[in-house]
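A.B. asks: My structure is below; once you've seen it, I'll send some questions.
The values are calculated or read from the model by the stated rules, or taken from the named source; none is laboratory data. What you see is a predicted model, and the numbers here were worked out from it, not measured in a lab. As a convention, Cβ positions derive from the backbone with ideal geometry for all residues, glycine included, and neighbour counts pool all protein chains shown.
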Amino acid sequence: QRTAAEFVPDSRSLDRLRSAALGCQGCDLYRDATQTVFGDGPAPAKVMMLGEQPGDREDVAGEPFVGPAGRLLDRALEEAGVDRSQVYVTNAVKHFKFVRAERGKQRIHKKPSRGEIVACRPWLVAELEAVQPSVVVLLGATAASSLMGPSFRVTAHRGELLPAPEEFSGRPERVLATVHPSSVLRAPDRDEAFAALVKDLRAVPDVM
Ligand code: URA
Ligand code: SF4
């Protein structure tokens, strides 16, 4: 299968990685999206937040988590006592995947496939090497499957600080799985879902 590997430079400078990622054609998602949305934040950083893929707003802005899900995430981090200045934010897949609504030009988010998650993973591995986080917060099933493999179940492990896979040599040392902020926006009881997300994130300050 095609992957991003041939587009990833040897450099572990985030600026170099980000500019190389703009030209990635590691899978077909670059064709219809506006641009690559690379991670954002300090390097090194104690904490990496890993989402699924950029949404409509992120695709246009070129930055991760700047739309409604991002605003909710910011509020949750603040309530959980996580210092945002020490957080690097990125996505498992770096191009927006969507289908067009039948009428009009609304773009509707589509879940990335396992193949697309695997294709984009070399960028994530390079970011981990550049950012050297102590903990990676897995926001939802796509993020969890990228880092932990397809059999990992968020529902079975949410809120637990778990050891990271050995391939990462201790960077990160731990992972924490929780739900995706978009799922909170869709939940029947939003306040309850938000509180549960904050509760999971409260484990993060302990490892910062
Ligand atoms: N959802 C994500 O997973 N990532 C973003 O950057 C925005 C929304
Ligand atoms: Fe490359 Fe990832 Fe975009 Fe696919 S989604 S083209 S692998 S950056």
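A.B. asks: What number of residues within segment 28-41 are under 19 Å from residue 77 (Cα atoms) and in contact (Cβ under 8 Å) with a residue 60 or more places away in the chain? Can you show your working first?
C.D. replies: Quick first cut of segment 28-41, residues under 19 Å from residue 77 (Cα atoms) only: 39-41.
Of the ones still in play, those that are also in contact (Cβ under 8 Å) with a residue 60 or more places away in the chain are 39, 41.
Result for segment 28-41: 2.
A.B. asks: Please specify each residue of segment 94-106 satisfying the condition of being touching a Lys or Arg at 6+ places or on another chain (Cβ under 9 Å) and either modelled with pLDDT of 95 or more or within 16 Å of residue 41 (Cα to Cα) (or both). Show your work before the answer.
C.D. replies: The initial filter retains those residues of segment 94-106 that are touching a Lys or Arg at 6+ places or on another chain (Cβ under 9 Å), namely 95-101, 106.
Within segment 94-106, 95, 96, 97, 98, 99 meet the criteria.
A.B. asks: Hey, another quick one. If I filter segment 167-179 for residues that are assigned to a helix (DSSP H, G or I) and farther than 27 Å from residue 108 by Cα, do I get at least one hit?
C.D. replies: Yes.
A.B. asks: Taking into account only those residues within segment 12-38 that are within 13 Å of residue 123 (Cα to Cα), surrounded by 13 or more Cβ atoms within 10 Å (Cβ to Cβ) and small (Gly, Ala, Ser), which is nearest to ligand 1 (Cβ to nearest atom)?
C.D. replies: That would be 21.
A.B. asks: Still on this model: Which residues, counting only those in segment 39-65, are away from ligand 2 (no atom under 16 Å from the Cβ) and either modelled with pLDDT under 95 or buried (at least 19 other Cβ atoms within 10 Å of the Cβ) (or both)?
C.D. replies: 41, 45, 46, 47, 48, 49, 65
A.B. asks: Select from segment 3-37 the residues that are more than 8 Å from ligand 2 (Cβ to nearest atom) and either among the charged types (D, E, K, R) or on the phi > 0 side of the Ramachandran plot (or both) and list them in ascending order. Write out each step before concluding.
C.D. replies: So in segment 3-37, the residues more than 8 Å from ligand 2 (Cβ to nearest atom) come out as 5-6, 8-20, 22-23, 31-32, 34-35, 37.
Correct list: 6, 10, 12, 15, 16, 18, 31, 32.
A.B. asks: Something else about it: For residue 129, work out the one condition from (1) out of contact with any Asp or Glu (no Cβ under 6 Å at 6 or more places or on another chain); (2) among the acidic types (Asp, Glu); (3) within 16 Å of ligand 2 (Cβ to nearest atom) it doesn't fulfil.
C.D. replies: The one condition residue 129 does not meet is (3).
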